[in-house]
1. If you keep only loop residues by DSSP, which GluC sites (Glu not before Pro) in region 25-101 have at most 15 other Cβ atoms within 10 Å of their Cβ?
2. Under the rule of at least 5 residues apart or a separate chain, name every residue whose amide H is placed under 5 Å from the amide H of Gly100.
Amino acid sequence: MGADLNRSLAGAVAAPAARLVLPSGRLIAAEPGMGFPVGEAERYAFDETVEPGDYLVEVVTRDGEVVAGRVVVRPEPVVEWRPGRRSGEDYVYPVDGGTGGFGSPEVFEALHDDEAREDLIADLSFDGDEPAATYTDPDSGANLVAFGLGSDGRYLTWVGYTAAGEIACYLTDFGDLEQRWS
């Protein structure tokens with residue numbers, strides 16, 4: 001599938017959704033309301049890391065439906081796609097609340113607080129016209145960007161690499177892309 005992902009993206013529309021703050025350069029793709037054990041969010045981050053900073057998140061749509069979410073690390077062409085890995089294994093995350101997203105371990109740790117979880121729910125109330133929403137932890141400044149999917153499933157995040165072997169992006173396929181060419 002990785003080799004065909006660029007072809008699968010042809011005809012899809014990518015639009016800016018938000019900026020994602022990664023204080024540690026570590027990324028988690030998960031359902032935003034998913035509770036990780038206290039002190040263990042770091043274990044759910046991808047093995048592939050980037051420089052700490054903030055990165056553009058795009059929502060990728062086709063015919064008005066969200067088909068992918070992408071974190072742009074560097075705006076260069078992707079020449080190779082590899083599955084995102086966690087603890088050395090391809091990582092597919094489950095969604096049973098119709099929402100997928102990206103965030104840092106820092107923001108997922110902050111969600112152990114009941115007030116933070118209530119704020120998350122309020123912040124992720126999707127406007128009918130907006131395919132993405134954000135939540136920012138007021139203490140750390142870390143945030144997450146979520147996508148309203150309208151369905152549940154298990155989703156793989158791909159890591160796109162440049163010709164120089166650097167990470168260009170992370171892209172979670174919300175089902176449509178993989179089905180086109182598998």
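FYI, it's all coordinate maths here, none of it is from the lab. Keep in mind that this is a model prediction, so the values were computed, not measured. Backbone-built Cβ (ideal geometry, glycine too); neighbour counts: all protein chains shown.
1. On the way: sites: Glu40, Glu42, Glu48, Glu58, Glu65, Glu80, Glu89; in loops: Glu40, Glu48.
When the GluC sites (Glu not before Pro) of region 25-101 are filtered for loop state and at most 15 Cβ neighbours within 10 Å, Glu40 remain.
2. Phe147, Leu149
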